[in-house]
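Here the structure is laid out as structure tokens; the discussion comes afterwards.
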């Protein structure tokens, strides 16, 4: 059994991707978008949401994106310091501490709950 609808759209996409202009756009996407998702999966271990509901998903994704942005800032500052031969920068140390705290304190789908003991 063949899915002719799928075959039609597949042929259309292949035709578009063979055009030089579309190839250029698609190649740019590989450099801009794909590494971010690859880093999220490989390094942060983020492959799926562990919560339900729009607000909770936004919050969880916000933590992941915050970790990515902190990583970028730390890398840029380290590169800047290396180029300018600066050592012992308090700013970069504080960002690294904040990043490690976010990484250690953020526990997706935790079963831990605070209960009052009276």
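The values are calculated or read from the model by the stated rules, or taken from the named source; none is laboratory data. Just so it is clear, the structure is predicted and the values come from calculations on it, not from any experiment. All Cβ positions, glycine included, derive from the backbone under ideal geometry; neighbour counts span all protein chains shown.
Things to note:
- Of all residues making up region 51-63, the number that are in contact with a helix residue (DSSP H, G or I) (Cβ under 6 Å, 6 or more places away or on another chain) and part of a helix (DSSP H, G or I): 0
- The residues of region 64-88 that are more than 14 Å from residue 39 (Cβ to Cβ) and in a helix (DSSP H, G or I), listed by number, are 73, 76, 77, 78, 79, 80, 81, 82, 83, 84.
- Listed by first and then second residue, the pairs linking a residue in region 46-63 that is within 15 Å of residue 36 (Cα to Cα) to a residue that is modelled with pLDDT under 90 and not in a helix (DSSP H, G or I), with Cβ atoms under 8 Å apart and 6 or more places separating them unless they lie on different chains, are 61/49; 63/106.
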